[in-house]
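The values are calculated or read from the model by the stated rules, or taken from the named source; none is laboratory data. Since the structure is predicted, the reported quantities are computational estimates derived from the model, not experimental observations. Ideal geometry is used to build each Cβ from the backbone, glycine not excepted, and the neighbour counts take in all protein chains shown.
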Amino acid sequence: MIKRFFLIFSLLIISQAVFSQEKDWGWWNETHGWESGMPGWRMWLIISPKYLGPNALPVPELKNGIIPEKSEIEFGADFHFKTGDPTQNLSGRCLIPFANSRIALELYGTIVEKYQMSETIRDERFARDKDGEGIIQGDFYFSTLIQITKNRKFPNTIARLGAKTASGGAYNAARVTDSPGYYLDLNFSKDISLSENTVFRPLAMVGFYSWQTNDELNLQNDALLYGAGFEYQGNTWSLTSSVTGYHGYKDNGDRPVVFNSGIKKDIGNKTVRIQYLHGIHDWEYETVKFSMIWYFDGIN
């Protein structure tokens with residue numbers, strides 16, 4: 001009797017779960033005209049910066065061509081503004097130089113993200129998050145930096161090899177990609193001394209960016225990575241400004257261009273950093289970032 005009751009109870013629970021799932025996804029099927037036999041919902045998502053959240057497939061940061069001598073740990077709060085998709089997140093970054101600052105390892109990414117999409121944005125991205133709201137874990141990236149030249153006639157040069165993990169927690173909400181990627185680039189700078197404590201430093205970046213998509217015919221999207229800007233460095237502060245982007249070959253919102261301006265101020269063994277980002281193309285956000293950087297002796 002007990003076994004029979006347990007069996008009936010289990011079947012009822014399973015039936016309810018299946019029914020709830022069908023009911024939950026019915027709104028998506030109706031909204032997008034999905035019918036049995038069509039490609040699964042994952043194939044409908046557009047894996048490009050324009051149709052994902054602000055922290056998915058970001059343009060890699062333009063470096064100043066010099067690996068720092070001290071290790072850095074940075075934590076920040078980011079505020080992204082876009083009609084229909086206001087987003088806030090906590091971010092983190094860790095950089096560890098070694099071998100006399102000729103090589104460095106860097107890890108960065110989104111620790112947690114809070115989002116709230118409108119129905120228009122949700123449906124434009126084919127997201128399956130019905131209420132369009134949530135708190136998720138973002139993607140993480142890691143890279144190796146190699147100092148090619150420094151303080152020579154040729155510009156300061158860093159080679160960077162970076163990789164993207166598939167650690168994000170909201171693929172069904174079209175916030176992250178849930179797929180790997182990588183980028184290779186060279187970052188250049190040239191010091192121009194303006195006074196004893198002031199340096200003007202032109203910056204440039206060129207490279208290659210690639211990530212996996214859900215296109216069965218072309219699983220990989222490849223892009224030219226580029227950037228240019230300047231750094232104005234004083235004794236205890238610095239100002240940077242740049243335009244960076246990459247140019248994918250699919251032309252499906254995969255050609256983001258971002259203006260980035262920031263200021264850093266040293267306070268003891270810490271630095272306060274404030275940044276403003278403005279999407280020029282295929283990254284439709286305005287972002288303000290506040291962060292604190294702590295310094296430690298590197299492994300040299």
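Per the listing 184, 203, 224, the residue uniquely in contact with a His (Cβ under 6 Å, 6 or more places away or on another chain) and assigned by TED's automatic domain parsing to the domain that holds residue 149 is 224.
Restricting attention to segment 240-250, the residues that are closer than 15 Å to residue 283 by Cβ and out of contact with any Leu (no Cβ under 7 Å at 6 or more places or on another chain) total 3. Of the strands (runs of 3 or more DSSP E) contained entirely in segment 60-177, those carrying at least 1 residues that are within 29 Å of residue 206 (Cα to Cα) fall at 70-81, 87-98, 103-116, 140-149, 156-164. Kindly indicate whether residue 234 is without any contact (Cβ under 8 Å) to a residue 60 or more places away in the chain, out of contact with any Cys (no Cβ under 8 Å at 6 or more places or on another chain), surrounded by 13 or more Cβ atoms within 10 Å (Cβ to Cβ) and assigned by TED's automatic domain parsing to the domain that holds residue 59. When the stated conditions are applied, residue 234 passes them. Scanning segment 126-148 for residues that are charged (D, E, K, R) and either closer than 27 Å to residue 184 by Cβ or at pLDDT 95 or above (or both) turns up just one, 139. Being within 25 Å of residue 199 (Cβ to Cβ), modelled with pLDDT of 95 or more and not polar (S, T, N, Q) is not true of residue 77.
If residue 277 satisfies every condition in (1) more than 19 Å from residue 106 (Cα to Cα); (2) in contact with a strand residue (DSSP E or B) (Cβ under 6 Å, 6 or more places away or on another chain); (3) surrounded by fewer than 18 Cβ atoms within 10 Å (Cβ to Cβ) but one, which is the exception? Against the list (1) more than 19 Å from residue 106 (Cα to Cα); (2) in contact with a strand residue (DSSP E or B) (Cβ under 6 Å, 6 or more places away or on another chain); (3) surrounded by fewer than 18 Cβ atoms within 10 Å (Cβ to Cβ), residue 277 comes up short only on (3).
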